[in-house]
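What follows is a set of notes on a single structure, which appears directly below.
The values are calculated or read from the model by the stated rules, or taken from the named source; none is laboratory data. Note that the coordinates shown come from a computational prediction; the quantities given were computed from them, not determined experimentally. We place every Cβ from the backbone using ideal geometry, glycine too, and count neighbours over all the protein chains shown. Note: accessible area is taken over every heavy atom of the protein model, side chains too, but ligands, DNA and RNA are not part of it. Shrake-Rupley method; radii C 1.70, N 1.55, O 1.52, S 1.80 Å.
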Amino acid sequence: MQFSSTFAVLFALVVHFAAATPTVLVKRATYNDVATVGYATLNGGTTGGSGGPVTTVTTLDDLTSAVTGNSSKIVVIEGTITGDAVVKVGSHTTVIGAAGSSLVGVGLRVLNEENVIIRNVKISKVLASAGDAIGVQASSQVWLDHLDLSSDRDHDKDYYDGLCDLTHGVTGITVTNSKLYDHWKASLIGHSDNNGAQDVAITVTMANNYWTDLNSRTPSFRFGHGHIFNNVFDDNNDGINTRDGAQLLVENNVWTGTDKPLYDTDDGFAVATGNDFGGASNTAPVGNFTTAPYAYTLIATADVRASVVSSAGQTLAF
Ligand SMILES: *[C@@H]1O[C@H](CO)[C@@H](O)[C@H](O)[C@H]1NC(C)=O
Ligand SMILES: *[C@@H]1O[C@H](CO)[C@@H](O)[C@H](O)[C@H]1NC(C)=O
């Protein structure tokens, strides 16, 4: 602990002198970090396994057993783990991807759990027969941060399922600093048109993410409340789809290359401010979600691209 904070200060000073302009002192990430942005900070916050024992895993079997159960724990993935499976993560758990680590064909699911953090994990090519790359269902207080999620677009749209699907009444979810790319169906929020009784409770924050080369669902958002700010969307076929009475607050995002960046299906709503739609238009009806129930920092629209694209994905140093 002492060593790493001393190192962080030295690192920042080196950057400061090398750049010859005042530099903001950036704190290094630690395994014990807790959520600081969005809905995950409410209802007692999201601490995952902060303070718990640390286990490092390098195989699918070890990963599967290390993340099981509700004891407070931190699980660090090292190297490449390949398989055809979705691993269930228990409550009060933090899953960290070490630099250069990767899950290939292996997704993570949070089902009927609470208080989970997944950070810096790279996941690719999870087959639809196994599930989503990241699937959060019927759970609360989950922080997904600095994820790298992709597959390819060489197969039909149902060969892979979602990259980041948040369904069945999930609450207190924050997705930050993540990169979603090269995929058909990126992010389904709200299970189906018939699941309103459960999904009306949904609360999701999506901030500072980079979305590119996606066909649809960037995201598709049903029924609940969503706060979507400071994202960059490049060359996706689709935009944000607000559906079935969803109330979205959409602020300071940047798009290029889609002709429907923000639109509704079956009466979804959006309050949209400060966005750069890349020459296209927002066609969603104005809703009543005007103020997020927490404090947050908006990056100026003109600075969003430079800030977000360079830092999204598996870029943390621990
Ligand atoms: C862990 O906690 C979740 C959420 O409270 C609960 O649904 C689940 O049954 C618990 N699992 C175990 C193994 O106790
Ligand atoms: C927002 O609008 C929806 C849909 O018209 C309505 O059901 C809800 O009560 C409104 N909420 C507030 C706080 O006005």
TODO: Residue by residue through region 134-163, note down the ones that are under 21 Å from GLY45 (Cα atoms) and either assigned to a strand (DSSP E or B) or of a type in the set (Gly, Ala, Ser) (or both).
DONE: ILE134, GLY135, VAL136, GLN137, ALA138, SER139, SER140, GLN141, VAL142, TRP143, LEU144, ASP145
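With closer than 30 Å to TYR296 by Cβ and at pLDDT 95 or above as the only criterion, which of SER50, SER5, SER71 stands out? Break it down stepwise before answering.
On the way: SER5 fails: at pLDDT 95 or above; SER71 fails: closer than 30 Å to TYR296 by Cβ.
None of the others qualify; the one that does is SER50.
Can you confirm whether LEU108 is over 21 Å from LYS179 (Cβ atoms), of a type in the set (A, V, I, L, M), without any contact (Cβ under 8 Å) to a residue 60 or more places away in the chain and surrounded by 16 or more Cβ atoms within 10 Å (Cβ to Cβ)? Steps first, answer last, please.
Numbers: over 21 Å from LYS179 (Cβ atoms): no; of a type in the set (A, V, I, L, M): yes; without any contact (Cβ under 8 Å) to a residue 60 or more places away in the chain: yes; surrounded by 16 or more Cβ atoms within 10 Å (Cβ to Cβ): yes.
Here the answer is no, as LEU108 does not meet what is asked.
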TODO: Working only within region 49-64, note down all residues that are open to solvent by less than 40 Å² (accessible area, probe 1.4 Å), over 15 Å from VAL34 (Cα atoms) and not in a helix (DSSP H, G or I).
DONE: VAL57
- [ ] Among the residues of region 271-289, count how many are away from ligand 2 (no atom under 16 Å from the Cβ), surrounded by fewer than 20 Cβ atoms within 10 Å (Cβ to Cβ) and part of a loop (DSSP other than H, G, I, E, B).
- [x] 7
TODO: Filter region 129-163 for residues that are farther than 24 Å from SER310 by Cβ and touching a Gly at 6+ places or on another chain (Cβ under 9 Å) and give the result.
DONE: ALA130, GLY131, ASP132, GLY135, GLN137, ALA138, SER139, SER140, GLN141, VAL142, ASP161, GLY162
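Would you kindly identify the strands (runs of 3 or more DSSP E) lying entirely within region 196-251 that contain at least 1 residues that are within 27 Å of LYS125 (Cα to Cα)? Reasoning before the result, please.
Values: elements: 203-207, 210-216, 220-222, 225-229, 232-234, 240-243, 247-251.
Counting at least 1 such residues, we get 203-207, 210-216, 220-222, 225-229, 232-234, 240-243.
Out of all the residues in region 70-81, which are surrounded by 14 or more Cβ atoms within 10 Å (Cβ to Cβ) and either in contact (Cβ under 8 Å) with a residue 24 or more places away in the chain or within 16 Å of ligand 1 (Cβ to nearest atom) (or both)? Outline the logic, then answer.
Here is the first cut: in region 70-81, the ones surrounded by 14 or more Cβ atoms within 10 Å (Cβ to Cβ) are 72-78, 81.
Within region 70-81, SER72, LYS73, ILE74, VAL75, VAL76, ILE77, ILE81 qualify.
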TODO: Inspect all residues belonging to region 135-145 and state whether any of them is open to solvent by 20 Å² or more (accessible area, probe 1.4 Å) and hydroxyl-bearing (Ser, Thr, Tyr).
DONE: yes
TODO: Mind listing whichever residues of region 223-270 are open to solvent by 20 Å² or more (accessible area, probe 1.4 Å) and within 16 Å of ligand 2 (Cβ to nearest atom)?
DONE: PHE223, HIS225, ARG243, ASP244, GLY245, GLN247, ASP264, THR265, ASP266, ASP267, PHE269
